[in-house]
Amino acid sequence: MSNPFLILSDSPSTPYSTSSSKPVSITNDSTLSSNLYKDILEYVLLCTVNEQPSSSVIHLDELAVGLPETWDKNLIDQALFERLRMTEPSSHLLTSQTKKSSNKTNDNTITENRCLHYLSGCYQRLLRRRDHFKLVLDDIKKLFIDHSKTAISLPDLYDGQDLSKQWLDLLIDGQENQLICEFTDCINTDLISSSTDEIESLYNSVFRHMYKAIHPFDYFSTELMTYIGILTQLAKWPLLVRIIFRLSHPKTATNRPIRNPLVPSGGDGGRAFEDTLVGSLLSKSCLPSLPGKPYLFFEKPKVMSERDVEITSGTIWQPLRTYQENLSQLFLAFVKNADVRSDVLQWIGDCLIENRGKNKEWSSHNPMTAYMYASDGFLLNLNLILLNLARPFAEPYSQKLLKINPIYAISQNENVHLKDLHKDTPVIVRDEENLVDKNNKITFNFITEIFFMSHLSYTCGVQRLHRMLLKINEELSHVQSAYNDVTRLHGTNHESIQRLEDAMEKGLTAFLNIKAVLNEPRLLELSNALFTATSSWLVHLASSDQPENEEQIHPIKKLPLPLKPNRQLSYIPEFIMENMTNYLTFLGRFNVQLFESLPHVNEYITFVLVFMGDANRLRNPHLRAALAEALEAIIPNKQHGNGRTLNSSFAEAIFTDHPLIEHLPRVLLDVFVSIELTGQAVAFEQKFNYRRPMYEILEYLWKFDKHREQVKKLATYAEEHIDDAEAPLFLRFINLLMNDANFLLDEALSHMARLKGNQEAMDRGEWNNLPDQQRQELENTFRHTGQTARYTNIMGVKTLAILDMITRDIQSIFCNPAICERLASMLNYFLQHLVGPKRRNLKVRDLHEYQFEPQKLVAKVTDIYLNFSQRDEFCAAVCSDGMSYNEQLFPQAAEVLERIRHPPERIAAFVKLGEHIKEVAALQKEEDAVYDDAPDEYLDPITSTLMIDPVMLPSSHQIVDRATISRHLLSDQTDPFNRNPLRMQDVIPQLELKQTIEQWKASRRRQQS
């Protein structure tokens, strides 16, 4: 029978050769050569031409006919051809007739009928006896490789055999067997260099088999590591990498081996990336891939101790880290080859863009999110891969950071693999009309691509999981509150108790699983490396005129920076800064002690100092406020979410030794004020959530003389420039501080009075006879009122505490007429509600549940009074308040202070102040009587009091007292009569009217005397 492989031979004159090698060069001893080939037939091919072999082998009937005396390579080629044609090799098996066989190979190996497995076995047997066959080794190796290539190129010759499955099996075996690995590598190298179509056809099938095999495995499966090893091995060939990512890109449904039937029609969304070869590897995680699938750990969280939680977290981390490190090494192998790096980056870029929507606010509440986008585990693994790829340049002040090109974020040319970043909100306003850089046809380097991809993947993956964690935490709090309410109102046997307990168990399981994944040490370490490097890069960008021309990044030496920012800041998307604040706030809530071991924490402080107080470099006041929350995480002795605190010496070193820390008070007040000036409708609770961490920081800073002195300097400057066109920073700060205190405490008192009314109605049984729905609505409203009361009570006390802290050291500016009357009226109002007859409206049950501490409030209010006990202006303002002040106010407050055992010396001082104010009131009453019949044109139209320094408002032409309009403009930069814009410098002094009023007053005094 003629050899059909002849058409593939490089040597047509050799009728039975499939080898492309030249004739073997051996010694002149033909007997030695012939014996080597005979040994190859028996010990390598496991075949024979003898009827009575010395070992079990396959008899080659055709070859046995007409054998030449001298054996050569062509005879081995012919033998191999005959052996490969056998469909049932076992029918040709001859067993040894001797008791002691020279060949110990088992029958399954001898009768192997799978083409590629047989050739691989031959290759291994040859190499194991390489010393014996060294004279003919290279040619025989090539013979096996050529036959393997032929089989792959002409698979129809082996009808009924799945060669791609055989090839995958060999790749799997090659992970443990170096000889098989060498065999497959040789074939890959030869095929790729000569026959692209055949190898594409082979690997299209191989990778589909691989996808199906991978699909059922979990991330801790050892089999999964084998497949990752195979892909890492294959990554050395650019063609194979290109095939891998072409098959893993969901451009069309036919590219995907298996489609998830739950994915909406169209199938080109983010979820489609998961249903591919590469995507299936990324999807392996301890987090559920779809709703309804269980979490793998923390099944019974309520019975777990803190130690149990720590041990279980470690159980999650070890295999997860191993798996993610293997994935990272795989992708590193992919991108090492410059020829296909673009293919890999394009896949990552497209995947991230298609999955961006998963982190949008609406997606958290949309049940279809899980089917539209890749799973959380997928995105988390992708983030780890990118963080590992970024690690070589993720070092503060590294020269490699200078290679990051900001233009990438606005570029719209085809060389950008991460499309549409130019649509993101930039950190400062971008001049789109004059943005010539966006159309530059430049190619961006690998560092730039990985930098932006790493940040976007963190946004899509980690930041979303952090938000989920906070949402679950909030829901658990609501479930706990509902449980407490049901228990209190209906007892422990109510039908909804079991439902609430089940919800608590389910929520805790989800919470602990997500928290454990986010606290994985390697994730935190790599994130810190990227973010500290990003901090130094952004500060460099913010402080340099032409950062692209500089050769090194240096720490900045002074603040504040020049007013005009570098235009390239307008290229940077906000999500980069959001990532950094998200990371720091996560640590503050769930892993605060990690700060003590993190390298380069000072870079975060510099970053906060540069951007938090500078609207020219970070426009979004909400994002600047988030920086304050991030900074709060470092405050010591403050109990965080896990009940742990940060070492005080560590924090003190940061807040005292950082070279630019003296600017923190100014920066902090600036962001406090900017929250009010957003130009957006900000819910009051959100506004106070922003300010709460600022209070904590300011309270901590007040312990240090250097920081108190900085605030005093700001106060002095404000007092000296109180009439400037733009109100000084400290003046705006204390005005807003008083606004907050006024609003919060008023709201708190109002809610407490409403709760009292509700409790009395329930006690009278009025709710019992109502329809179920109406009663349920009332109970829900009652619960909501209680939650709001609790919040306003906490924030109100905190705001008062800050006001007390500041006024202990700073009083002068508070005695300015524009401020003093407001402060005195506010204190009188709250003291009257707390100690006067209206206090009965506040007596509700469960005061502690609502964090309502009226005695503590009274003590704090009286402390603020005492801070101004030596200021006559303040005393006069207190007794001038005709709404809330009366002579009984201070004695009533003193009684409360005695009941709560306030320090006696403080009570005595307060009583003495009350007596002094009483005397001032008597004198003022006499003086007011003198001016009682003042003409209307002398009276302020807003306050109806005699004007001291009348001014005209330029647009409405109304005349008011300077103190009145000054106080109004602190909160509202408009004319109160027509809402036109107004600045203090625009008012027109009415000197003639002022003089007339003063003359009238002098005349009245003379008449009185």
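Laid out as a table, the results:
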read-out	value
Solvent-accessible area, 1.4 Å probe, carbon plus sulfur percent, for the chain	48
Centroid-to-centroid separation of the range 466-514 and the range 295-345 [C-alpha atoms, Å]	29
³J(HN,Hα) computed for each position of the range 962-975 - Karplus, 6.51 cos²θ - 1.76 cosθ + 1.60, integer Hz, glycine/proline x	4, 4, 5, 6, 4, 5, 5, 6, 5, 10, 8, 8, 9, 5
Other-chain or far-sequence residues with amide H under 5 Å of Thr974's (modelled H)	Leu982
Between helix 115-128 and the chain: long-axis angle, C-alpha atoms, 0 to 90°, nearest 10	80
In sequence order, calculated HN-Hα J values of the range 392-398 (Karplus, 6.51, -1.76, 1.60; Hz; x Gly/Pro)	x, 10, 7, 8, x, 6, 5
Sorted peptide list for 117-125, 378-386, criterion being average Cβ within 10 angstrom, highest first	378-386, 117-125
Charge dipole (debye, nearest 20) of the range 29-194; +1 at Cβ of Lys and Arg, -1 at Cβ of Asp and Glu	500
Three-way shape label, the range 51-143, alpha-carbon gyration tensor, a/c 1.5	rounded
Pair Arg128, Glu551: separation of 7 Å Cα→Cβ label points (nm)	6.2
When each of Lys403/Lys687; Lys284/Lys471; Lys756/Lys798; Lys336/Lys515; Lys912/Lys1001 is checked by Cα-Cα distance, pairs over 28 Å	Lys403/Lys687; Lys336/Lys515; Lys912/Lys1001
The range 690-713-the range 137-198 distance, computed between alpha-carbon centres (Å)	72
Interchain or long-range residues, amide H under 5 Å from Cys47's placed H	Glu42, Ile58
3J(HN,Hα) from dihedral phi, the range 738-745, Karplus parametrisation 6.51/-1.76/1.60, rounded to Hz, x for glycine, proline	5, 4, 4, 4, 4, 5, 4, 5
Point-to-point label distance, Lys403-Arg901, nm (Cα→Cβ direction, 7 Å offset)	6.9
Between 0 and 90°, nearest 10: helix 854-867 axis offset from the chain longest Cα axis	70
Cβ-based charge dipole, the chain, positive-most Cα from Gln888, Gln851, Tyr408	Gln851
Charge dipole (debye, nearest 20) of the chain; +1 at Cβ of Lys and Arg, -1 at Cβ of Asp and Glu	1100
Kirkwood Rh, Cα atoms: Rg over Rh of the chain	1.15
Extension reserve of the Asp39-Glu299 stretch, reckoned as 0.36 nm per residue once the Cα distance is removed	87.3 nm
Degrees separating the helix 238-247 axis from the principal Cα axis of the chain, which is the longest one	60
Given charges at Cβ of Lys, Arg, Asp, Glu: the chain dipole, positive-most of Val951, Asn689, Ser649	Ser649
MRE, 222 nm, helices only [DSSP H, n ≥ 4, -39500 (n - 2.57), over the chain, to nearest 500]	-18500 deg cm²/dmol
Length released on extending from Glu919 to Gln985, taking residue separation times 0.36 nm less the Cα-Cα span	20.0 nm
Accessible solvent surface per residue of the chain, calculated while the other protein chains remain in place, 1.4 angstrom probe, Å²	45
Cα centroid of the range 524-542 to Cα centroid of the range 952-977, whole Å	47
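The values are calculated or read from the model by the stated rules, or taken from the named source; none is laboratory data. These numbers were taken from a predicted model, which means no experiment stands behind them. For neighbour counting, all protein chains shown are included, and Cβ atoms are generated from backbone atoms with ideal geometry for every residue, glycine included. We work out accessible area using only protein heavy atoms, side chains counted, and drop any ligands, DNA or RNA first. Shrake-Rupley method; radii C 1.70, N 1.55, O 1.52, S 1.80 Å.
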